[in-house]
Amino acid sequence: MGDLGLSAAFSDITVDALLEALFLVVLASAVIMVVQNLVPRVAHQLGGKARLYLLASVPLVRLLVIIVTIVLVVPVLVEPSFENMIAIFGALALALGFAFKDYANSLIAGIVTLYEMPYRPGDWIDVNGKYGEVKSIGTRSAEIVTPDDDVVIIPHSTLWTALIANGNDGSDNLMCVTEFHAEPHHDVRAILDTLRDVAFTSPLVKTQQPVRVSVQNKPYGMQYKIKAYPLDPRDQFRFKTDLTMRGSEALAAEGVRLVSVPVATV
Amino acid sequence: MPIEEWRLPETSVHRSIKGAVRNVWGQLRAGIAPDNEAFDSLDDLPVLSQLQLERFAPDRDYARMAMLLLASVEENAADNPVTFLVAPPFSGIHKALQVLADDTHGASRRLITPPDNLLLSAGDARSWWDACDLTQPWVIPELSAFWLRHRSGLELIRELLKRVAAGRAGEGLVGCTSWCWQFWSHCLPDARFQALTPAPMHGELLGHWLNDLASRRNRQGVVARMSDSGLWVLPAAADQLDEGQKSASFLRDLAALSRGIPGVALAIWQKALRARPDEEQQARDRQDDHHPATRPACWVAPLEKLSLPSMPVTVGRGAALTLHALLLHDALNEDRLELVTGLTGHEVALVLNRLRRADLVAFQEEGARWRITPLGYPAIRRQLQSDGFPVDPF
């Protein structure tokens, strides 16, 4: 039992069996590579909801290919008896436990990610202060691209400890909040109506989703917030720019000035 | 009928799947062959001349349609003296309501036209409606001409709806495209008015209607058969066919493709008709006989052989914004398009040029405005829906 029974389990391996297993692994890797490269391209060509569905299918297809490969490769190398399975998985557990603890942690979290789906490709997430669109979900980590075009690698193990904020959660509805800080002493009701009109007349707004305008009294004046949904999550920055631009124009037309420097509260 | 009762004409599962696959393939292929976007006929049969088109598939009789609309409004009279007629684009409501104010047709209603400047304050809008004579029965053929999607362009409609709700607008008829109606339903969710809409044209109804149009020129109607299978398209009723003659599913598919909208169906029908080169048959066409086989006849190209206009993929977000704005406002000039889309003047010009080449929009000399084409409407609606735009319920 010094070798956990591994030598007995692998004693019947032939060169042909090794080659066959190698071929299956290479084939599976090729299929995964093709899926990971081709599907996102097709998805971006289609746009809309079809894009989100296709992007979300990539990690699932990968998981499926991995499972099928394991199911095919293991019987090629060893006889799938109870003793052999115990021996192989025992050795694997030992190796992973000592040598690749963090890596295994991310791998397992990666599988949980596929099951629980806290984020999918196409989602806009915030993890530890990094905000961006999930571009791909790998075996060990996920890649997000920030609005400044930085690629941030997030190990799946972050899932255990970090707070993850998901803006659209697999849908194409992502709420944007646009703020205006105005000097006080004006007709608040009129400004609420004006800002609602500004939001409703934006060409990028989803009118079928709620449009809300709220106001709060702050020490420096009034803080208005427009909460509305852009047509597509990818339009969010253009949408907020449009609302900010046209909202500022509307406030100026109403004779309401924006505060230039908010006064810090003591 | 009330809007809630409207149902999209059904098509076969086979046709739905085929349409979806063609649409996806068209989008994928557009990146490879970007020039193939406009209408194209994929068969080699001769198309109809203008004279033949006017004989087989003439435009609608709007005067007759106006009378039918009036009768329907009286039949469905609601508590409110102002009736809203909501319909998808190309339903013909706009032109039919214009006829009601036309002197040559008796001018039974006073026509209300919008002011040149639509950017008004609430006070200015109030004054404008105060100056309007609403004491006599009036008609607004297209409500979407009374607003602009701009924070200062909403007051005219807001004031009108306020007066209608308060019962201070007299007796009126308001035509409104479904896209404009959809926007205002979201913008003023508390403004609930009973609106009427024409019933959708499903297959059999479409067949009767197309035959009816043709029978204005040929008393006994026309005969139309599929150019590939020889199956019968018109007459649509099975009792008018002889034993052994089978009907094609063309009208059902056409109704689904055009979403039951008469103007879109007629435009596709006109493109699908093919001339019959057989002289002997033409001679027989002239005979005045009620038997289907001896009526004026033409061939119909299968819908698969008609490559309808498709959305350019490479044109960017500006195209979708422009098309959505045109649907909301029915028709717009370039300056107003600039105002409502937030695009710059040269961006609007470039986008319009690209869309015009794809047969999706057309310039209307009357009023110097741009409009969506009926042939392009199905593709435009599908693309806007896919892109997350708010679309009409029809």
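Structural remarks
- Scanning the range B:83-108 for residues that are at pLDDT 90 or above and either outside any helix (DSSP H, G or I) or aromatic (Phe, Trp, Tyr) (or both) returns B:THR83, B:PHE84, B:LEU85, B:VAL86, B:ALA87, B:PRO88, B:PRO89, B:PHE90, B:SER91, B:GLY92.
- Of all residues in the range B:381-392 being free of Cβ contacts under 8 Å to residues at least 24 places away in the same chain and assigned to a helix (DSSP H, G or I), the one that is nearest to the other protein chains (Cβ to nearest Cβ): B:SER386
- Members of the range A:231-249 found to be surrounded by 20 or more Cβ atoms within 10 Å (Cβ to Cβ), assigned to a helix (DSSP H, G or I) and at the interface with chain B (Cβ under 8 Å from one of its Cβ atoms), listed by number: A:ASP235, A:ASP242
- Residues in the range A:175-203 that are among the hydroxyl-bearing types (Ser, Thr, Tyr) and either touching a strand residue (DSSP E or B) at 6+ places or on another chain (Cβ under 6 Å) or in contact (Cβ under 8 Å) with a residue 60 or more places away in the chain (or both): 2 in all.
- Unmet criterion (only one of (1) farther than 30 Å from A:ALA50 by Cβ; (2) modelled with pLDDT of 95 or more; (3) of a type in the set (D, E, K, R)) for A:GLU254: (2)
- Tally, over the range A:30-73, of residues that are within 23 Å of A:ASP235 (Cβ to Cβ), of a type in the set (D, E, K, R) and surrounded by 17 or more Cβ atoms within 10 Å (Cβ to Cβ): 1
- Annotation: of all residues in the range B:154-169 being in contact with a helix residue (DSSP H, G or I) (Cβ under 9 Å, 6 or more places away or on another chain) and in contact (Cβ under 8 Å) with a residue 40 or more places away in the chain, the one that is nearest to A:THR244 (Cα to Cα) is B:LEU156.
- Within the range A:137-153, the only residue that satisfies the criterion of being crowded, with 18+ Cβ neighbours inside 10 Å and farther than 14 Å from A:VAL112 by Cβ is A:ILE144.
- Positions within the range B:182-216 being within 21 Å of B:ILE268 (Cβ to Cβ) and within 14 Å of another protein chain (Cβ to nearest Cβ), in sequence order: none
- Test: residue in the range B:338-354 that is touching a residue at least 40 places away in the same chain (Cβ under 8 Å) and acidic (Asp, Glu): no
- Taken over the range B:116-149, the criterion of being surrounded by fewer than 18 Cβ atoms within 10 Å (Cβ to Cβ) and in a loop (DSSP other than H, G, I, E, B) is satisfied by B:ASP116, B:ASN117, B:LEU119, B:SER121, B:CYS132, B:ASP133, B:THR135, B:GLN136, B:PRO137.
- Residues (away from chain B (no Cβ under 14 Å) and at pLDDT below 80) located in the range A:16-53: none
- Residue in the range A:151-191 that is farthest from the other protein chains (Cβ to nearest Cβ), counting only those that are outside any loop (DSSP other than H, G, I, E, B) and among the small types (Gly, Ala, Ser): A:ALA165
- For B:LEU303, the stated conditions hold: it is closer than 30 Å to B:GLN245 by Cβ and at pLDDT below 95.
A quick yes/no check of all residues on (1) at pLDDT below 95; (2) more than 22 Å from B:TRP25 (Cα to Cα); (3) outside any helix (DSSP H, G or I):
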site	(1), (2), (3)
B:PRO312	yes, no, yes
B:VAL315	yes, no, yes
B:ALA320	yes, no, no
B:HIS324	no, yes, no
B:LEU327	no, yes, no
B:ALA379	yes, no, no
B:PHE394	yes, yes, yes
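The values are calculated or read from the model by the stated rules, or taken from the named source; none is laboratory data. Only a predicted model underlies this, so the values are computations on that prediction, with no experimental measurement involved. Neighbour counts are summed over all protein chains in view; Cβ atoms, including those assigned to glycine, are modelled from backbone coordinates with ideal geometry.
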